[in-house]
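A quick write-up on the structure given underneath.
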Amino acid sequence: MKIAAIGIALLGGASLVLVGCSSDLSVGGTAECNDTTIAEAVTGDPTFAEYVVTDYKCADGWAFAAANPAEGQMGAPAMMIFEAEGQFWIPKSAADVCGTYGDGTYPSDAMVPESLYDPACLAG
């Protein structure tokens, strides 16, 4: 009888823990394309923590950002590509998402939307 009571108590406690955590498991929302979120995406990479976004553009769940070192900081201008995953902008490598550039047309294997291809994949 004691074992059954302990088992029921443990199951009840576990269900309370699951109920309490269930809202923390879901990450909702959509990545916003604005000055703040793009700046956070850029400076979220420690390499670019001291950079300032000079230009950005978003389309179809993708974004590119151009950034320069902040005043008084050393470094070269940078261009970054991000893909939206839920409410976050995730950095992507141009080599992985720009496709195979060949004859000057938009590559059929590119993941970046055509509207962002030139500034995101051909800049620099």
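The values are calculated or read from the model by the stated rules, or taken from the named source; none is laboratory data. As the structure is a prediction and not an experimental result, all values here were calculated from the model. So basically every Cβ, Gly included, is an ideal-geometry build from the backbone, and we count neighbours across all protein chains shown. We work out accessible area using only protein heavy atoms, side chains counted, and drop any ligands, DNA or RNA first. Shrake-Rupley method; radii C 1.70, N 1.55, O 1.52, S 1.80 Å.
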Checklist outcome for this item: The simple spin-label model distance between residue 87 and residue 36, using points 7 Å out along Cα→Cβ, in nm, is 1.1 nm
Checklist entry - Tell me, Kirkwood radius of segment 29-74 from alpha-carbon pair distances, in Å? => result 11.0 Å
Checklist entry - Counting only protein heavy atoms and using a 1.4 Å probe, what share of the accessible area of segment 37-124 belongs to carbon plus sulfur, as a whole percent? => result 50 percent
Next on the checklist: Sorting check: for 82-92, 96-106, 55-65, which peptide has the highest mean count of neighbouring beta carbons within 10 Å, and how do the rest follow?
Outcome noted: 55-65, 82-92, 96-106
Checklist entry - How big is the Rg/Rh ratio for segment 24-124, C-alpha atoms only, Rh by Kirkwood, two decimals? => result 0.99
Item to check | Per-residue ³J(HN,Hα) for segment 30-45, Karplus 6.51 cos²θ - 1.76 cosθ + 1.60, θ = phi - 60°, Hz, x for Gly and Pro | outcome: 10, 4, 8, 10, 8, 3, 5, 5, 6, 4, 5, 5, 5, 6, x, 7
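If you take the beta carbon distance between residue 45 and residue 108 as r and set R0 to 41 Å, what does 1/(1 + (r/R0)^6) give as a FRET efficiency, to the nearest 0.05? Could the numbers behind the result be given before it?
Details: r = 30 Å, r/R0 = 0.72.
Between residue 45 and residue 108 the formula returns 0.90.
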Next on the checklist: At 7 Å along Cα-to-Cβ for each site, give me the label-to-label distance between residue 123 and residue 71 in nm.
Outcome noted: 2.2 nm
Checklist entry - Principal axis lengths of segment 58-114 from Cα atoms, whole Å, largest first? => result 42, 31, 16
